[in-house]
Every structure is written in structure tokens, then in C-alpha cells.
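Encoded as C-alpha cells, the structure appears first; notes follow it.
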Amino acid sequence: MRTLTPDFADEVAIVTGGSSGIGRAVARAFGEAGATVLVADVREEPKVDGESTPTHELIREYGGEAEFVETDVSEPSAVEAVVEAARDYGGVSVMVNNAGVHRNLRFLDVEPEEFDRVLGVNARGVYFGTQAAARDMLDRQEPGVVVNTASTTSRVAEWTHSHYAASKGAVEMITRSAALELAPEGIRVNAVAPGPVATEITEGWSERAGEMEPDDEEPSLPLRAGTPDELPGAYLYLASDLASYVTGETVWVDGGAHVN
Ligand code: NAD
């Protein structure tokens, strides 16, 4: 009988963008659930107020196994390298494509370089992260799961988020398209869409956005802003056997921000 408690013992999870914010909370949760965790990020140090211990060291402190692998997800060969590194631990079984960037800009002010930077991390990183993990799983004949980080802005337009929203809309369709083509291979691909969560990416966000938006552009938020620790449950669920019949889905963990 399947257990209701996700257990990732003997599994290897790669979490991109795992040094800070949501990725850090997700990486810790997989570590606590028994997975070996590879934290794949452009920087090792967390950018979290009052915290200096890198995520992989934190996981080791409570007896888990974890490594940091310097990775720029906008470069497909770097993502392939971290997937290759996971083979030393048995091979990736859970790929969390979470790294993301954003800078508030009005639609009329987004230059091609900034568009490419944001799409390069948020969309290209997810596309080739999913592809690299799936190719490796197929090579090893060990199907696993992919969980991508989308956003409320995957479906809801917000002032100063047009380029970011384009990248996050892409995350939803990359997730669905990959889910379709990888289902026959036994690989499930899903997404989690966070709403406003206080992290480095949102630091100063509302002040900056406030300067650029009309006064009546308060985002609608039925519940409230979230914390990084409110996100990992959805990732653990989607990566576990509890979600064995779920693929191509986006789980909204956004305080209801997407509903209106
Ligand atoms: P964060 O800035 O705290 O963390 C992002 C992490 O990604 C950082 O550790 C950063 O170093 C890393 N990163 C940036 N560029 C990278 C690259 N090229 N390669 C590898 N790593 C890179 O932000 P967060 O809020 O934790 O964001 C995590 C994910 O959640 C992102 O995809 C973001 O778009 C998404 N998200 C966040 C919110 C929110 O309100 N915080 C809302 C919706 C979606």
C-alpha cells in the first residue's frame, strides 16, 4: 500500500535556484524527505536575511546528503553537467527547474537584452533542464519526475511583469508539452505556480512596481502574501507517487491570486 508520507530515500533531486528563497525551502524539504539533493545555482551563498549557511550545508547539518553544483541554467551544457554529476549518486530522479529572475519594467521599457536575459533563465532554463533530465532518465531506463516553477503571472497579467509573464507562460506550455511527449516514457512533468512570496526576487518589488503602476493597480490577493516554507508541500506531492496519475498540471500555491 502506498504511504501518504512522501519518502525520497535512495532518490536524487536536483533543485535549480536552490541557494535562496523558494528553491532553498524546496531543497531542504527534499533533503528532509531522504533525497540526496544537488543544489544547482549561480551562487552558493543564500541571499536570505540573517542566513549565511549554504543550502547543501544546512541539509548536511541534519544528516542529509547534499552538494552544491555551480550552474547557470540559461546555458544548456551547464544543466547537462549537473544532470551528469547526479549520476555519481545514482542518477537524477526528481528534477526541479526553479531558478528564475525578474526586474520590474513597464512593457514599453523592456529592451531585447533584458527580454533575452529573463527568457534565458526562466524559459530556456526550464526547457533544457526538463530535456536534460528526461534524456538522462531514458538513457538509464529509470523514469522520474520533473517539477517546474511557474507563477501566477503564467496566466494573470500584472503591470511591470510583461517579459517575466512571457517567460512564465512559457513554463506552463513547456510543462504541458513535455508531459504529453514524455508520458509514454513514464516521466511525469508538472508545475507549481507560486504567488507573491517574500524572497530576494520580490525585495523592493512592490515599491518599484508602485512607482511604475497606476494607483489602482493593487494585485488581488484573496488570502495574503506567502512564505517560502508554504511552497515545498506542492513540490513533494507532485514528485511523489501520490501524484502518480497527475501530469501536465499546474498547482497554484498563490493565496488564490490566479482566481480573479
Ligand atoms: P530568489 O531570487 O530568492 O531565488 C532565485 C534563485 O535562483 C537564486 O538563488 C538565484 O541565485 C538563482 N538563479 C538566478 N539566476 C540563475 C541562473 N541563471 N542559473 C541558476 N540559478 C539562478 O527568488 P524566488 O522567489 O525563490 O524564486 C524562485 C522561483 O519562484 C523563480 O522561478 C521565480 O520566478 C518563482 N516565483 C517567485 C515568486 C515570488 O513571489 N517570490 C512568485 C512566483 C514565482
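The values are calculated or read from the model by the stated rules, or taken from the named source; none is laboratory data. As the structure is a computational prediction, the values presented were derived from the model and not from experiment. Note: ideal-geometry Cβ built from the backbone for every residue, glycine included; neighbour counts use all protein chains shown.
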Quick one: which helices (runs of 4 or more DSSP H) sit completely within segment 1-102 and have at least 3 residues that are surrounded by fewer than 21 Cβ atoms within 10 Å (Cβ to Cβ)? 55-61, 76-86
Which residues, taken from segment 95-112, are charged (D, E, K, R) and away from the ligand (no atom under 15 Å from the Cβ)? R106, D109, E111
Looking for something more than 23 Å from V197 (Cα to Cα), more than 16 Å from the ligand (Cβ to nearest atom) and of a type outside the set (G, A, S) - is there at least one such residue anywhere in segment 67-83? no
Single residue of segment 36-57 satisfying the filter (among the aliphatic types (A, V, I, L, M) and touching a strand residue (DSSP E or B) at 6+ places or on another chain (Cβ under 8 Å)) that is nearest to T16 (Cα to Cα): A40
Return a yes/no flag: does segment 193-200 have any residue that is part of a helix (DSSP H, G or I) and at pLDDT below 95. yes
Which pairs do you get when a residue that is farther than 16 Å from M95 by Cβ, found in segment 20-35, comes within reach of a residue that is in a helix (DSSP H, G or I), reach meaning Cβ atoms under 6 angstrom, with the pair 6+ apart or on two chains? S20/E200; G21/E200; G21/P228; R24/T55; A25/P228; A25/D229; A25/P232
Criterion first (farther than 28 Å from E203 by Cβ and among the aromatic types (F, W, Y)) does Y164 satisfy it? no
So, in segment 7-24, how many residues would count as being more than 15 Å from the ligand (Cβ to nearest atom) and touching a Ser or Thr at 6+ places or on another chain (Cβ under 6 Å)? 2
State all residues of segment 132-171 that are of a type in the set (A, V, I, L, M, F, W, C), surrounded by fewer than 19 Cβ atoms within 10 Å (Cβ to Cβ), away from the ligand (no atom under 14 Å from the Cβ) and assigned to a helix (DSSP H, G or I); if no residue qualifies, say none. L138
Being in a helix (DSSP H, G or I) and crowded, with 23+ Cβ neighbours inside 10 Å is the requirement here; does G129 meet it? yes
Going through (1) modelled with pLDDT of 95 or more; (2) loosely packed, with under 15 Cβ neighbours inside 10 Å; (3) near the ligand (Cβ under 10 Å from one of its atoms) one by one, E203 fails only at (1)
